[in-house]
Amino acid sequence: MEKLVGACMFGQSGGPSSVINSSAAGVFTEALKQTDCITAVYGAAHGIRGVLNEEFYDISQEDPKELALLKNTPSSALGSVRYKLKAEKVDDTDYKRLLEVFKKYNIRYFFYNGGNDSMDTCNKVSKFMKKSGWECRVIGVPKTIDNDLDVTDHCPGYGSAAKYVATTMMELKLDANVYDTPMITVVEIMGRHAGWLTAAASLANVKGLGADLIYLPEVAFSTEKFLADVEKKMKQNNGKCMIAVSEGIADEKGTLIAEKMNENIAKDSFGHAQLGGVGAALANMCKEKFGCKTRAIEFSLMQRCGAHLASKVDVEEAFRAGQAAVRYAVKGTTDKMVLIKREMSNGKYKGKIGVMSVAKAANTEKKVPLEWIINDGTMLSQEYIDYALPLIQGDCKAPLEDGLPRFAKLKKVLVEKK
């Protein structure tokens with residue numbers, strides 16, 4: 001394929017993670033090296049909206065040392081967005097605007113970092129540019145702590161979030177067992193339809209400090225069964241019970257428990273219910289039923305931004321995914337998403353980078369296999385442990401200054417509008 005010369009645009013979308021900026025570092029450092037093909041490197045302010053609004057940063061103006069620090073800086077350094085492009089047949093306004101901006105700045109490479117909805121954006125942009133005759137190579141860079149993108153073995157961001165969940169569960173378990181009085185602890189963990197992150201609570205059981213009961217969205221949730229499960233565990237554990245529950249648990253009809261408990265639940269820009277509070281509701285239910293002390297703990301944003309517990313495997317894979325996106329694009333690849341393939345040799349894990357159709361990744365949800373959910377829907381099997389444990393290995397943190405992490409400080413020099 002002929003060499004394509006032009007600028008590249010990188011954007012971040014959806015919920016942040018502790019390693020999404022590691023992918024950004026991979027994209028930026030590699031793109032700045034590809035001077036034969038890439039004439040300028042831009043970072044969109046708040047994802048696709050920044051492109052539409054013609055607000056993006058000149059990455060060449062950044063200090064290389066700060067770009068390197070992105071590798072261990074949590075959250076989305078460029079700003080994220082939850083903006084879903086409408087189908088072109090419904091409204092092509094955004095598509096025409098994107099084409100206008102791409103032509104004005106000669107953008108020939110587009111990299112978008114995110115989860116399911118972000119890959120949908122990649123797919124739509126790629127298809128429209130091709131239809132319009134504007135040659136632009138589009139590559140999706142996966143990111144989601146939910147770990148629910150299809151085909152890829154796992155998603156950058158999951159390993160670190162899983163490590164945070166498992167480590168914090170261990171710490172909570174030790175704290176909850178201090179007193180000799182009955183206590184029920186309900187820990188609410190992110191996960192709308194896929195329970196990968198909540199499943200990580202079972203990793204703490206490898207060290208004997210995990211949850212007694214784990215509930216994922218993959219299995220229909222019954223409050224009656226839940227109370228019976230808790231009662232049984234309390235009898236076995238001298239009145240103690242620690243529970244990990246996904247925010248997205250639903251009943252046998254598919255109705256979210258969070259929505260049943262709050263009919264006026266708010267929606268995000270994608271139409272998704274803004275979950276949260278199910279842990280507190282279940283803790284109150286237990287208090288009424290058993291009359292003992294209960295605690296509800298919601299990991300909330302910490303599970304996705306806790307870079308102090310980042311997995312080295314995760315950080316390095318996220319960085320390599322960003323690098324690979326650029327390398328694939330300059331060699332002629334387009335309309336793809338970077339993926340990670342699992343290779344095991346003599347019991348040792350290795351993540352191999354490849355690509356897949358971005359259309360297959362768009363709006364798909366990979367769920368925890370039902371055969372991995374055992375003990376009548378309250379625990380994870382050894383198969384899950386074998387899958388997840390290699391992903392949380394190693395320690396990789398930001399350098400310290402005055403005892404505190406030194407995160408990247410970008411100048412964010414806006415590109416002058418043409």
Relative frequency of Cα-Cα separations exceeding 21 Å in the stretch 82-238, percent: 60
Whole-percent carbon and sulfur share, accessible surface of the chain, 1.4 Å: 49
Hz values of 3J(HN,Hα) by residue in the stretch 333-348 - Karplus curve (6.51, -1.76, 1.60), Gly and Pro given as x: 6, 8, 6, 10, 10, 5, 10, 10, 9, 8, 10, 10, 9, 6, x, 9
Chain lengthening between N106 and K131 when straightened (0.36 nm per residue, less Cα-Cα): 7.3 nm
Descending principal axes extents, the stretch 36-110, alpha-carbon based, whole Å: 44, 30, 17
Extension gain from Q236 to M302, taking 0.36 nm per residue of separation minus the Cα-Cα distance: 20.6 nm
Inter-label distance for K86 and D180, nm, one decimal - labels placed 7 Å from Cα along Cα-to-Cβ: 6.8
By accessible area with a 1.4 Å probe, ligands and nucleic acids excluded, highest first: order of H193, H154, H308: H308, H193, H154
Helix-only [θ]222 nm of the chain, DSSP H runs n ≥ 4, -39500 (n - 2.57) each, per residue, nearest 500: -10000 deg cm²/dmol
Sequence-distant residues sharing a close amide H with K143 (under 5 Å, placed H): G114, G115
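State in Å² the accessible area per residue of the chain; use a 1.4 Å probe, count heavy atoms of protein chains only, and round to the nearest integer.
Here the residues of the chain average 43 Å² of exposed surface.
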Sequence of L414, L78 from largest to smallest accessible area, 1.4 Å probe: L414, L78
On Cα atoms only, tilt of 278-290 relative to the major axis of the chain in degrees: 0
Surface/4 estimate of mean projected area, convex hull on alpha-carbon atoms of the chain, nm²: 21.9
Stretchable slack from A228 to Q393, in nm (0.36 nm times residue separation minus alpha-carbon distance): 55.8 nm
Between 0 and 90°, nearest 10: helix 116-132 axis offset from the chain longest Cα axis: 20
Estimated inter-spin distance, N363 and R342, nm [label 7 Å along Cα→Cβ]: 2.9
Area accessible to solvent at L301, 1.4 Å probe radius, in Å²: 90
Values of log10 I(q)/I(0), in the order q = 0.11, 0.14 Å⁻¹, for the stretch 206-364 under a Debye, Cα-only, solvent-free model: -0.70, -0.97
At 1.306 mPa s and 10 °C, Stokes D of the stretch 320-418 from Kirkwood alpha-carbon radius, µm² per second: 87
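Of all beta bridges DSSP finds with both residues in the chain, what is the antiparallel percent, to the nearest 5? Mind dumping the intermediate values first?
Details: 21 of 55 bridges.
Of those bridges, close to 40 percent are antiparallel.
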Computed accessible area, D120, all protein chains, 1.4 angstrom probe, square angstrom: 10
With DNA, RNA and ligands ignored, accessible area of R406 (1.4 Å probe; Å², nearest 10): 40
Sequence of K348, K143, K336 from largest to smallest accessible area, 1.4 Å probe: K348, K336, K143
Using θ = phi - 60° and Karplus 6.51 cos²θ - 1.76 cosθ + 1.60, couplings along the stretch 388-393 (whole Hz; Gly, Pro as x): 8, 4, x, 7, 9, 7
Label point distance in nm, D63-L414, each placed 7 Å from Cα along Cα→Cβ: 2.4
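The values are calculated or read from the model by the stated rules, or taken from the named source; none is laboratory data. Note that this is a predicted model, so its numbers are computed, not measured. Backbone-built Cβ (ideal geometry, glycine too); neighbour counts: all protein chains shown. We work out accessible area using only protein heavy atoms, side chains counted, and drop any ligands, DNA or RNA first. Shrake-Rupley method; radii C 1.70, N 1.55, O 1.52, S 1.80 Å.
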